[in-house]
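Asker: Structure provided below as structure tokens; questions to follow.
No lab work stands behind these numbers, since they all come straight from the coordinates. As the structure is a prediction and not an experimental result, all values here were calculated from the model. Please note: Cβ atoms are built from the backbone with ideal geometry, for glycine as well, and neighbour counts cover all protein chains shown.
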Amino acid sequence: MNIEIFIEQKSKQLVFYTSQLLANAIPFSEVKIFSWDILEEWNKLDFDDPAISDYEHAFWHLIFLLQCWPEEKQNDEKAIRSSLNHYCNYLSHHTNEIPADCIGMRP
């Protein structure tokens, strides 16, 4: 599997999980587990392309936000929730401008 296909497939799933989390439809622990599953699958890929697209930057940044967001503050942090929504919208539609604070890098 090449990088673009992996990122495209996993971003759809990541957006779904994140959206469900923001809607309080799934527990935070499920999103954390899914994020770790993505990282595990990523480590199994064999690639040598150092180029990274804006889309991939946003994908990795969303995972970073989810991993660093303290569970106990899940419902209190409006700025983080807004940021998560912004990244979900960007990854879902491919048409929005990449979020200005995006610093996502490959693990």
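Asker: Lysine pairs, Cα distance under 17 Å, 8 or more residues apart or cross-chain: how many in the chain?
Answerer: Working: LYS10/LYS32; LYS10/LYS44; LYS12/LYS32; LYS32/LYS73.
Lysine pairs satisfying the spacing and distance rule in the chain number 4.
Asker: May I pose another question? So if I place +1 on the C-beta of Lys and Arg and -1 on the C-beta of Asp and Glu, and nothing else carries charge, what would the dipole magnitude of region 1-86 be about its Cα centre? I want it in debye, nearest 20.
Answerer: Taking the Cα centre of region 1-86 as origin, the dipole is about 420 debye.
Asker: Hey, another quick one. Please give the length that would be gained between PHE47 and ASP101 if that part of the chain were fully extended, namely 0.36 nm times their separation in residues minus their C-alpha to C-alpha distance (nm, one decimal).
Answerer: Working: separation 54, 0.36 × 54 = 19.44 nm, distance 2.70 nm.
Roughly 16.7 nm would be gained on extension.
Asker: Rg and Dmax in Å for the chain, alpha carbons only: what are they?
Answerer: Over the chain's Cα set, Rg and Dmax evaluate to 13.3, 41 Å.
Asker: The chain: longest stretch without exposed GluC sites (Glu not before Pro) (DSSP loop, at most 13 other Cβ within 10 Å), sites themselves excluded?
Answerer: With GluC sites (Glu not before Pro) excluded where exposed in loops, the chain gives 1-76 as its longest stretch.
Asker: Show that you can apply the helix-only estimate: for the chain, add -39,500 (n - 2.57) for every DSSP H stretch of four or more residues, divide by all residues, and state [θ] at 222 nm to the nearest 500. Present the calculation step by step, with values, prior to reporting the outcome.
Answerer: Values: 4 runs with 68 residues, N = 107.
Per the formula, -21500 deg cm²/dmol.
Asker: Please work out how much length the chain gains when fully extended from ILE33 to ASN85, using 0.36 nm per residue of separation minus the C-alpha to C-alpha distance, in nm with one decimal.
Answerer: Taking 0.36 nm per residue and subtracting the Cα distance, the gain is 16.8 nm.
Asker: Checking understanding here: applying a Kyte-Doolittle mean of at least -0.5 and a length along the axis of at least 20 Å (C-alpha), which whole DSSP H helices in the chain pass?
Answerer: Span-like helices in the chain: 3-22, 28-44, 54-68.
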